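Here the structure comes first, spelled out in structure tokens, and everything after it is commentary.
The values are calculated or read from the model by the stated rules, or taken from the named source; none is laboratory data. From a predicted model like this one, the values you see are computed outputs, not experimental measurements. Cβ placement follows ideal geometry from the backbone for every residue including glycine, while neighbour counts extend to all protein chains displayed. Note: areas computed on protein heavy atoms with side chains; ligands, DNA, RNA excluded. Shrake-Rupley method; radii C 1.70, N 1.55, O 1.52, S 1.80 Å.
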Amino acid sequence: MSRRIPKLSRKRQRAPDSPDAQATIFAALGDGTRLALIIRLAGGQPYSISQLTTGSRLTRQAITKHLRVLERAGIVCCAHSGRESRFKFNPQPMIEVKQYLDHISDQWDESLSRLKSLVENDGG
Amino acid sequence: MEHRIEKHIELKAPVSRIWRAITDYREFGEWFRVKLDGPFAVGQVSHGQITYPGYEQLKWQATIQKMEPERLFSFTWPQSKSLDNPDYANAPTTLVEFRLEKTPTGTLLTLTESGFEKLPADWRLEAFRRNDGGWTEQMKNIDKHVAQNP
């Protein structure tokens, strides 16, 4: 009986600061099915859930669940056209994450180059 | 997409020299640009003050995880959302590891920083935007300065 709880109310019960709500981009990307969905959507054309389910071994429900994870991370956005939801790829969060990691990576390059000068120029 | 940063650098100095440069708190502070309160000790929190020009108001804090002599040095550090009023107690942490290997010409240092998947996406963007530009640019200026004034 408890299985009959509608999905929507479950979603609303989720506290905004719960780990689940803190959908991170990395967590969203850490799954083969979701990566496959991103690759499919990366062409830029929006797809309906039915289109994304066609040719997949997963159920419509499972695909929907994965799309919602991507949506919470901002990697895909959902637009309603008539009765159908269509999902579209949004590259911005991935670009920004890459820039952030590149930035930290640059900081390490600079620090390590100072370390190199220190150990190589002090006469051992 | 990678969840971690990994760097390899060949250093023309023996492993023992590199070990000292990364685990002696004064030497670490010299190249990392931080004034540390005291020596590193496993399980202990290391405190200090960033000495990088323009960022002197920033506090340094890290928890030393492993010190396996001449092999592995690691610490975790909080990634605070706010630079002005950092909340290190509740901040997610990333893990920094330095691994040393002897080579025919000296030492191979492998640096990794991991755990970025723990940071909420919106948080990362804010931290990035706050830092954007200035830090990297200033790092380059200092390097230039050092190169011109040996």
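Put a dot 7 Å past the Cα of A:HIS103, heading toward its Cβ, do the same for B:VAL42, and the two dots end up 3.5 nm apart. Taking 0.36 nm per residue of separation and subtracting the current Cα-Cα distance, fully stretching the chain between A:ARG114 and A:GLN61 would add 13.8 nm. With a 1.4 Å probe, how much accessible area is buried between chains B and A, both sides summed, in Å² to the nearest hundred? So the buried area, both faces added, is about 3600 Å². Dipole check for the stretch A:19-122: with +1 at the C-beta of Lys and Arg, -1 at the C-beta of Asp and Glu, and the Cα centre as origin, the magnitude is about 960 Debye. For B:THR105 and A:ALA36, what does the FRET efficiency come to when R0 = 51 Å and r is the distance between their Cβ atoms, rounded to the nearest 0.05? That gives a FRET efficiency of 0.70. Both radii come from the Cα set of the stretch A:19-122: Rg as radius of gyration, Rh as Kirkwood radius; their ratio Rg/Rh reads 1.22.
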